[in-house]
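Following: one structure in structure tokens, then a few remarks.
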């Protein structure tokens with residue numbers, strides 16, 4: 001079993017553009033993958049451990065260039081007061097032999113696949129000629145999202161508006177100084193920012209009540225609340241609601257009132273047109289799929305499989321039928 005750290009993953013210098021390609025590849029496998037719903041336990045208040053399993057399909061059935069069939073399970077936790085408060089680890093298995101191949105730090109995987117999903121969804125659902133993206137919540141997930149957006153379409157110029165919070169907007173802009181296909185504007189009011197946006201991406205991790213008034217969400221907008229919070233007012237008023245997996249959103253309070261609901265994967269596959277009018281208001285809930293995590297983990301493992309420098313632990317299993 002290999003132990004793969006975040007530092008080793010980062011040293012591979014996997015580009016945001018490649019992350020976008022992996023997301024498209026993994027969505028194409030969704031119908032053939034076994035993807036049970038997440039299960040969570042709550043030690044206290046807002047603390048949680050969430051288990052996310054996925055069995056990828058046999059590569060012979062998908063055309064994906066994997067060396068073997070993989071099963072993986074990611075464990076995500078949030079513990080108030082811990083530093084960092086949010087973390088994740090992933091166990092990757094050979095699905096045919098049951099061998100535990102790797103224990104991986106999956107913080108980088110989670111962040112970059114989340115950003116890539118936001119980028120892919122925004123491109124698929126935005127209105128014609130959309131160029132103005134607005135961000136609220138300017139942490140790592142927002143950075144990953146914009147990295148994927150900019151590198152997936154280097155020929156397109158984006159206007160990006162940032163909601164002011166302490167000095168985060170200024171630090172955010174510094175991160176993208178090397179990119180010539182983006183210009184920034186910092187705004188003080190979230191409703192004013194929303195009114196000027198073609199795509200609104202929220203990366204905040206907590207919210208009480210609605211973040212944006214319904215009146216500020218103008219015809220043609222695409223809203224992507226990465227962490228699900230703050231846009232419940234859209235659920236019954238928007239023209240379309242999409243999600244990454246129906247099992248993730250069917251428990252939402254207003255699920256039965258969603259208009260023209262479908263999974264975003266159906267749009268990416270060409271089975272659903274997605275946006276049919278530049279006047280439609282569309283919201284897309286991407287709750288996070290182990291499908292993406294395990295795909296990323298398998299890609300990374302195969303890049304590092306022959307690296308003898310990576311720490312390995314020999315898991316010695318009993319070979320006798322009776323051993324007690």
### Task
With respect to residue 81, determine if the residue is in contact (Cβ under 8 Å) with a residue 60 or more places away in the chain and either surrounded by fewer than 19 Cβ atoms within 10 Å (Cβ to Cβ) or in contact with a helix residue (DSSP H, G or I) (Cβ under 6 Å, 6 or more places away or on another chain) (or both).
no
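Residues checked against (1) part of a loop (DSSP other than H, G, I, E, B); (2) assigned by TED's automatic domain parsing to the domain that holds residue 90; (3) within 25 Å of residue 28 (Cα to Cα):
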residue	(1), (2), (3)
204	yes, no, no
212	yes, no, no
224	no, no, yes
227	yes, no, yes
233	no, no, no
238	yes, no, no
241	no, no, yes
253	yes, no, no
272	yes, no, yes
### Query
In region 276-301, what residues are surrounded by 19 or more Cβ atoms within 10 Å (Cβ to Cβ), in a loop (DSSP other than H, G, I, E, B) and in contact with a helix residue (DSSP H, G or I) (Cβ under 6 Å, 6 or more places away or on another chain)?
286
### Task
Taking residue 210 as meeting all but one of (1) closer than 17 Å to residue 111 by Cα; (2) modelled with pLDDT under 95, write down the number of the exception.
(1)
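To keep it simple, each residue is scored yes or no on (1) surrounded by 14 or more Cβ atoms within 10 Å (Cβ to Cβ); (2) in contact with a strand residue (DSSP E or B) (Cβ under 7 Å, 6 or more places away or on another chain); (3) closer than 17 Å to residue 3 by Cα; (4) in contact (Cβ under 8 Å) with a residue 60 or more places away in the chain.
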site: 54; (1), (2), (3), (4): yes, yes, no, yes
site: 63; (1), (2), (3), (4): no, no, no, no
site: 66; (1), (2), (3), (4): yes, no, no, yes
site: 70; (1), (2), (3), (4): yes, yes, yes, yes
### Query
Which is outside the structural domain of residue 153 (by TED's automatic domain parsing), modelled with pLDDT of 95 or more, more than 17 Å from the chain's Cα centre (by Cα) and closer than 17 Å to residue 287 by Cα, of 49, 27?
49
### Lone unmet requirement of (1) in contact with a strand residue (DSSP E or B) (Cβ under 6 Å, 6 or more places away or on another chain); (2) assigned to a helix (DSSP H, G or I) for residue 50
(2)
### Enumeration of residues in region 1-24 that are touching a residue at least 40 places away in the same chain (Cβ under 8 Å) and under 15 Å from the mean Cα position of the chain (by Cα)
16, 17, 19, 20, 22, 23, 24
#### Entry: Selection within region 171-202 - within 29 Å of residue 275 (Cα to Cα), free of Cβ contacts under 8 Å to residues at least 60 places away in the same chain and not in a loop (DSSP other than H, G, I, E, B)
182, 183, 184, 185, 186, 187, 190, 191, 192, 193, 195
#### Entry: Index of the failed condition, residue 171 passing every other in (1) over 19 Å from residue 140 (Cβ atoms); (2) out of contact with any strand residue (DSSP E or B) (no Cβ under 6 Å at 6 or more places or on another chain)
(1)
### Query
If you take the residues in region 249-273 that are crowded, with 19+ Cβ neighbours inside 10 Å and in contact with a strand residue (DSSP E or B) (Cβ under 8 Å, 6 or more places away or on another chain), which one is modelled with the lowest pLDDT?
249
## Note on the structure
Scanning region 26-35 for residues that are in contact (Cβ under 8 Å) with a residue 24 or more places away in the chain and touching a strand residue (DSSP E or B) at 6+ places or on another chain (Cβ under 7 Å), the one farthest from residue 289 (Cα to Cα) turns out to be 33
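The values are calculated or read from the model by the stated rules, or taken from the named source; none is laboratory data. Predicted, not measured: the structure shown is a model, and the values here were computed from it. For neighbour counting, all protein chains shown are included, and Cβ atoms are generated from backbone atoms with ideal geometry for every residue, glycine included.
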